[in-house]
1. Share of Cα-Cα pairs in the range A:103-261 beyond 24 Å, in percent?
2. Can you list residues from other chains, or at least 5 along the same chain, whose modelled amide H is less than 5 Å from the amide H of B:Phe116?
3. With 10 Å bins from zero, work out the P(r) of the range A:202-338 over every alpha carbon pair and list the percent per bin.
4. Using θ = phi - 60° and the Karplus relation 6.51 cos²θ - 1.76 cosθ + 1.60, list the HN-Hα couplings for the range B:99-109 in order, rounded to whole Hz, with x at every Gly or Pro.
5. Over chain A, consider all pairs of different Cα atoms and compute the Kirkwood hydrodynamic radius from their mean reciprocal separation; express it in Å, one decimal.
6. Tilt of helix B:2-12 relative to the longest C-alpha principal axis of chain B, in degrees (0 to 90, nearest 10)?
7. In degrees, nearest 10, range 0 to 90: what is the angle between the Cα axis of helix A:452-470 and the longest Cα principal axis of chain A?
8. Quick one: helix A:237-252 against the long Cα principal axis of chain A, what's the angle to the nearest 10°, folded into 0 to 90?
Amino acid sequence: MKNFVYKSGMLALFAGVLLTSCDPEIDVAEPTSGTADFSSYVAVGNSLTAGYADGGLYLEGQLSSYPALLAQQFQAVGGGDFTQSLFTEAQRNGTGYLRLVGFGAPAIPGGSPTPITEAVKTELAIRAAVGPNPKLPVFLYTKFTGNVNNLGVPDMRISEIKNNNLANPQNFDPQTGRALFFPQFERVAATAQQSYLEYVQANVDAAEPTFFSNWLGNNDVLTYATSGAFSSTLTDVATFQANYSELIDVLTANNAKGVVATIPNVTAVPFFTTVGPTLKAGLKAKGIPAIAILTGKTATRVPLPVDNIKDATGGTALIPLTASAYIPLLGAPGGKYWRDISKTAFPGNPTAGLQYFLGTYGIDTTQAFGTALNPWPSSLILDETEQAEIATRTTELNNIIKAEAQSNNLAIWDANAYFNSIQNGFTRSGVFYSPAYIRGNLFSLDGIHPTPRGQAIMANEFISAINAKYNARIPKVDETQYRAIVLP
Amino acid sequence: MKSKILALLGSTLLTGTAMAGGYQVNLASQRQIGMGHTGTGLVTGTSSIFFNPGAMAQARNGITIGASAIVSKIAYQAPDYSETAADNPTGTPFQVYGVYGINDKIKVGLGVYTPFGSTVNWGSEWYGRKGLNELSLKAIYIQPTISYQVTDKLGIGAGVTYTIGSVNLQRTLPIEGEGGAEAGIELDGDAKSAFGYNLGIFFQPTDKLSLGLSYRSKVDVEVEEGDVTYSNLENLSASARTNFPDGAQFAATLPLPSTLSFGIGYNATEKLTLAVDISRVGWSEYEELRFDFTKPVGGNTTSASARNYEDTYIYRIGAEYKVTDALALRAGAYYDETPVQDGYLTPETPDADSRGLSVGLGYSINENISIDASFLYINKKERTDEANLSNGVPGTFKSIAYIPGFALNYNF
């Protein structure tokens, strides 16, 4: 009897074990929209929001813009259709963009190979060339009509959202012949006199959004920074406050919920961190202790000791990516930089522009480039003072963004804190990411805008912020399905 | 004859999917698996070579051949993405022991067993493919042993472990291709043979009570000239391909940690034997997984990622009940802590604290021949990890395994 009890007990235990489900399972909470409603979503922003990458706006970038990825993920929690101002397949290369075609010899012996980029000039969406000088035209792009959900417009900044002349293709500076309108806004605006705020209002009226994202503000400091604090301006705090508040009012008018993002530290992108170390090493290799530079918008020359250029070992001065073409010219006479900038700053009459620049800044192009009489231009360097000025303003503007978000009870993605936190890179699922040019995987060839992979990673950061604020459970994007930089 | 059997086993059987902590595989004897893998404080028979060489002096002369089949599955849920499961090949850890008494006091033995190993197959489509597609890690220990009965109550023993092994790791390269299948890398190499040791003391203060202490040393498995090969490299552009030159070789070292075990055996009645074991596994030796390459791979001559394992304890209980002189029934359970700290989870060993539940039976066909059968069910705790410190893959992992096993004993 005892045996029988034992044996059957053992058999029961065996059977119990065998009958336990054969495959392990992980219980996953169902996606939920929480306290938010994602049925109609609009995205406000600049080039980052539009999907601009590699120095241009083109179809692939648009399709992997973070708003498009967010809308795709919102589908799991009741999200609706999301329309973008996409280029057609036939004009898929849009404004044109940069493509990596190879690597040249390192700029300094033993350095990293120099990437070689090439402009893509086929399948563009150009409809007309305008401007006072047919040799240096401004291109207008194939018009996109109809309402959209992605309101991201390259170049847009908070200070300009009420400007009624930004979509006007006749808006040129009479003196310099420089375009004062944004061709990529002209492409999507309903009329030549529509302001960005009116464009937002019109599309909000059409979409009646229940949810929005707003990541506008970067260009209010970035444009100044990328010009080496030489042209453009930092938006003043009062204007930013007034315009930002007005924009949020338009977006929240129907009690829409939303997420806003702060302005990243714009000097921590590869655009500013890639070339400096090369320049520094190159000068050291040649035994040049310092170069003469112009500073700010003045004709004042100051010496730049080589050690002041920022690299991994120290220094503070940042050199923009745009300087890479001029580094090999150091030490030789010539005025290539001034001829180039005359074309962009005075497209109406570059010859007059060149005379203006050479006269104003006292440039002698027969002297060696980088010496006091032919100094390194201010637009190709961002010194410590300029960086501090930009950092202070960035903080001020971010405080406004955060305060507006709090008073309207919106989610905040602190992009500034996020990009600061990844300065040393991070590894995710076997892939290393960092703000390094090309090999960091996050930033595209222009060194400022993200790759599709970078957009996916940003979309996931937005989702984390949204999930936390609205107690939602929006599934994240599988970032491995989106490309980083394709090597040639 | 015996050596032929050993050679056969070594060449045809795979070692098991790691289903104990880390990449340890605690499946050393079918009788003891049935008892929750206790055995340090018992005379377990020929398998005392593994559990406690100090008790081997009391084992009967004999040979044991046994093997288990690990059927394991791992479910994976990416952080809020879709679910994947690793369908692992069935692992077959094995054990062969032979014991022979030279005289009343001294016995010699030889054991061949597989205390470490891992095979995991995620495929090349899953979210973490750039972390890992497939891993196969094999280690075989060959242990000549000698045991001496000092007094009626005290036995000591020592063995030398000679370890051979191999590693094969495959992953998708984190490089963008121009379309088509993603490029992959495979590291494959045989380990240099390495030596360690196994010591044990066995003490029986009374007829009913026995105590044992054993120590198996750490062994560093070193691959010196492993092969690096690539797949689908043609789908990378020309300049990207130059980062992956032909003919690179790799070197790597993996520690197989030490294990210190203390066990108690208690003969509650003539028919019922109870046992408990506590083991401490020296996992903290495993600090990083590092590959050194003879040519740059992806621009780097090394690839290192932190592991920083922690030392762990395993707690076991087991019982055997002799229903008749011929038939014994067994049951046991254990709790095995994971050496993997938070932030360090990897798809190679998606480890968590695990619970084991076992049953077994033994049957003596005649005076010389007996069989042991066991069944072990392992359930690892569901674990969610950021994997941000180990180059791992973030997400939630859950593993279970069903491990039937069988052994044949011949005693003389």
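Any read-out appearing in this document is the output of simple, stated calculations on the displayed coordinates, not a laboratory observation. All values reported here derive from a predicted model rather than from experimental measurement. Cβ atoms come from the backbone with ideal geometry, glycine included; neighbour counts cover every protein chain shown.
1. Considering the range A:103-261, 47 percent of its Cα-Cα pairs are separated by more than 24 Å.
2. Residues meeting the amide H criterion: B:Val25, B:Ala139.
3. For the range A:202-338, the pair-distance distribution reads 10, 30, 25, 16, 12, 6, 1.
4. Whole-Hz 3J(HN,Hα) from phi for the range B:99-109: 10, 9, x, 6, 8, 4, 9, 10, 10, 10, x.
5. Over chain A, the inverse of the mean reciprocal pair distance is 24.5 Å.
6. 30
7. On a 0 to 90 degree scale, this one is about 60.
8. 40
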